[in-house]
Amino acid sequence: MADEKPALVLHLISGGEPLLFALDPETVPELEKQLHLHLDHGSVEPVTSREGTTILVNFAHVAVAYIDDLQRKGKVFGLH
């Protein structure tokens, strides 16, 4: 699993290209547990990037959010 490069992927309500934020693999399990709550409540939540930067995300402006592995190549959404 050393090759894993987890990222938070945000698709904004306004459209456009998704925003990608590289994550520290140690923070992923907790974020995965809370992500649906952030979207349900439209809350503003801090997310720590792989580099240690804190990013405040306003989930009220996010249509879709998920954590993906940027290391995978040639993927199709929903298929492994």
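The values are calculated or read from the model by the stated rules, or taken from the named source; none is laboratory data. Remember, it's a predicted structure, so these values are computed and weren't measured experimentally. Backbone-built Cβ (ideal geometry, glycine too); neighbour counts: all protein chains shown. For accessibility, only protein heavy atoms count, side chains too; no ligands or nucleic acids. Shrake-Rupley method; radii C 1.70, N 1.55, O 1.52, S 1.80 Å.
The table below lists the values:
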| quantity | calculated |
| --- | --- |
| Distant-in-sequence amide H partners of ARG50 (H built 1.01 Å from N, under 5 Å) | ALA22, LEU23, ASP24 |
| Whole-percent carbon and sulfur share, accessible surface of the chain, 1.4 Å | 57 |
| Evaluated at q = 0.21 Å⁻¹: base-10 log I(q)/I(0), Debye formula over Cα of the chain | -1.03 |
| Accessible area per residue in Å² at 1.4 Å probe, computed on the range 6-54 | 63 |
| Karplus-derived 3J(HN,Hα), 6.51/-1.76/1.60, for each residue of the range 15-24, Hz, glycine and proline x | x, x, 5, x, 8, 10, 10, 5, 10, 6 |
| With all protein chains modelled, accessible area of ASP68 [1.4 Å, Å²] | 30 |
| Packing-based ranking, highest mean first, of 59-65, 31-37 given that Cβ atoms within 10 Å are counted | 59-65, 31-37 |
